[in-house]
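Derivation of every value follows stated rules applied to the coordinates shown; laboratory data play no part. Just so it is clear, the model here is predicted, and its values are computed rather than measured. So basically every Cβ, Gly included, is an ideal-geometry build from the backbone, and we count neighbours across all protein chains shown.
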Amino acid sequence: MILLALDDSSTLGLLQRALRAVDHEVVIAHSQAGMLEALDESSPALLVIGQQFDGENGVQIAERQLERFPTLPILLFAQQDAPDLARTALEAGLSGYLCPPLRTDDIVHTARRSLSRARYLGDWIRREVRQTTSSLERRAQISESERGRLASIFASIEDGVIVLDDHKKLILINRVAREAFGLDGVDPTGHPIDEVIAHNDLRELLAKSGEGAVKYYELNFDDGRVFNAQHTPIPEIGSAITIQDITYLKRLDQMKNDFVHTVSHDLRSPLTAVLGYAELVERVGPLTEQQHEFVRRIQSSVQNITALVNELLDLGRLEAGFDSRRESVQLESIVTYSLGQFDPLIKEKQLRLNQEVAPNMPALRANPIRIRQMIDNLVGNSVKYTPVGGSITVSVRSEDNQIIFEVRDSGPGIPRDEQLRIFEKFYRATNVAGTKGSGLGLSIVKSIVDSYHGRVWVESDVNQGAAFFLVLPAFEPKEA
Ligand code: ADP
């Protein structure tokens, strides 16, 4: 059907006759309202519009209709041939242009051309749509099967996996993680993780996660289970937490500790005997210079082993909670005493030492020997690891009923991913190879600080020095 939107004139009659003569159905609209109604209801195959129609510019009317029906062919009928008008019409997206003198042949020919071009365009669009649809369907099938595969991998891996969005809402949580946190039978996805899982260690891990990836973090459960957790940021998604049950490793660790403790204990007596007899050797008769040297070496080695054994025993005692001595301790005097002990080494290594102790510090209630041990270990490490000519700052201050002790040095620093591990027994970080040590000092510090309900941590970067912080409550908290 062809729709003629032209004001009454002889041209209208001519067009109507010419088109009907070649069997086109023709409908005439006398107003814009009539034209809109015919467009909506009869979907004409071609619209012919006058240069001026129903008091408005025909090109503008056509433009509006093209926005609604982009594939509708529209011919503009002009009162007279005007190249400018023709250009405007083509620019507006109309498909052709008619003007007097009108010959029947021209009318029929122009209408046919527009119709066949529109048909061709329609066919092409339909083909394209069909192709795109089938390719989308194929892709949807692939991604559906991929999703199925991923879902079954995700459900069956033995690690617990939790995926969070940027707002810490649960996107995914697999079977193992649900079981670990006792979430059977509920679907927590879409909820903020801290509303769904109330677990202190997990909350602390999430609080820490703002600093980037976390590789080792222990989650302790009331029933004795222990999980190791990692937190990994995922760009444009959020983050993932993976957890592995390490309860059996913890048990092994405990067995190893018990074993080490027993062996250390049993080693002490023979070591004391070796040391005693080594000293006696010198007294019972004259020794050659070489024999003297050998005895000296025996003594020094036995002293090293004895120191190690004592450290191990100490750790065992601390872990078992055998330390109930509490008295008022002034940190300031302990710090001064401890630094005095390292004085010769500090001078030898030409280290610059700054000591900043705030006045009127509150006292601690603690075992002074243990506090001294912590400070000795932290200051000792800084003196040991800071190269010649470096600097060390030791400061003590109090804040909100807490005493903060800080040792900052210009030494080699500690790689970030090892900063939690250096507090483990025997762990020595990779960038201090070449310097001797047992790897026990910081685990002793950690055990002591834990027994006082305090905290110890390090802030450091490789080659940027290290700052160890020790925070202790100024008053001993009441036992729960
Ligand atoms: P040790 O010093 O006997 O190796 P520690 O338990 O005292 O054992 O320390 C553990 C590890 O922590 C050290 O081996 C070292 O890698 C790292 N570390 C401790 N203190 C420092 C420091 N001030 N600067 C750089 N690394 C340090």
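Couple of notes before you dig in:
- Between T71 and D258, the modelled labels are 8.2 nm apart [label points 7 Å from Cα along Cα→Cβ].
- Close Lys-Lys pairs in the chain, where close means Cα under 22 Å and separation is 8 or more or interchain: 23
- Calculated diffusion of the range 97-154, Stokes-Einstein form, Kirkwood radius summed over Cα pairs, 4 °C and 1.567 mPa s, µm²/s: 84 µm²/s
- Label-point gap, in nm, between D222 and V281 - each point 7 angstrom along Cα→Cβ: 6.0 nm
- Note on the range 366-410: Kirkwood radius taken over Cα pairs, Stokes-Einstein applied at 10 °C and 1.306 mPa s, translational D equal to 136 µm² s⁻¹.
- Unit charges at the beta carbon, dipole of the chain: most positive-side option, P188, A433, I371: A433
- Calculated Rg and Dmax of the range 233-277 using C-alpha coordinates, Å: 21.8, 69
- With the simple spin-label model, which puts each label point 7 Å out from Cα in the Cβ direction, the V274 to E293 separation comes to 2.1 nm.
- With the convex hull constructed from alpha-carbon coordinates only, the range 381-480 shows a mean projected area of 6.9 nm² over all directions.
- Between S391 and D461, the contour length at 0.36 nm per residue exceeds the alpha carbon distance by 23.6 nm.
- P(r) weight above 18 Å for the range 1-62, C-alpha pairs, percent: 29 percent
- Cα shape, the range 254-397, gyration tensor, a/c 1.5 rule: oblate
- Nearest-0.05 FRET efficiency for K208 and I171, computed from C-beta distance (R0 30 Å): 0.90
- Rounded Å value of the spacing that divides the Cα centres of the range 402-478 and the range 87-138: 78 Å
- Two-site FRET efficiency, E332 against A307, from Cβ-Cβ distance with R₀ of 25 Å, rounded to 0.05: 0.35
- Computed on the range 251-320, the Cα convex hull volume stands at 71 Å³ per residue.
- Stokes-Einstein diffusion for the range 2-124, with the hydrodynamic radius set to the Kirkwood value over Cα pairs and evaluated at 10 °C in a medium of 1.306 mPa s, equals 112 µm²/s.
- Bridge type composition, the chain - antiparallel percent by DSSP, nearest 5: 70 percent
- Here, the chain yields an orientationally averaged convex hull projection of 43.1 nm² when only Cα atoms define the hull.
- Here r is the Cβ-Cβ distance between M1 and A33 and R0 is 22 Å; the resulting FRET efficiency, rounded to 0.05, is 0.75.
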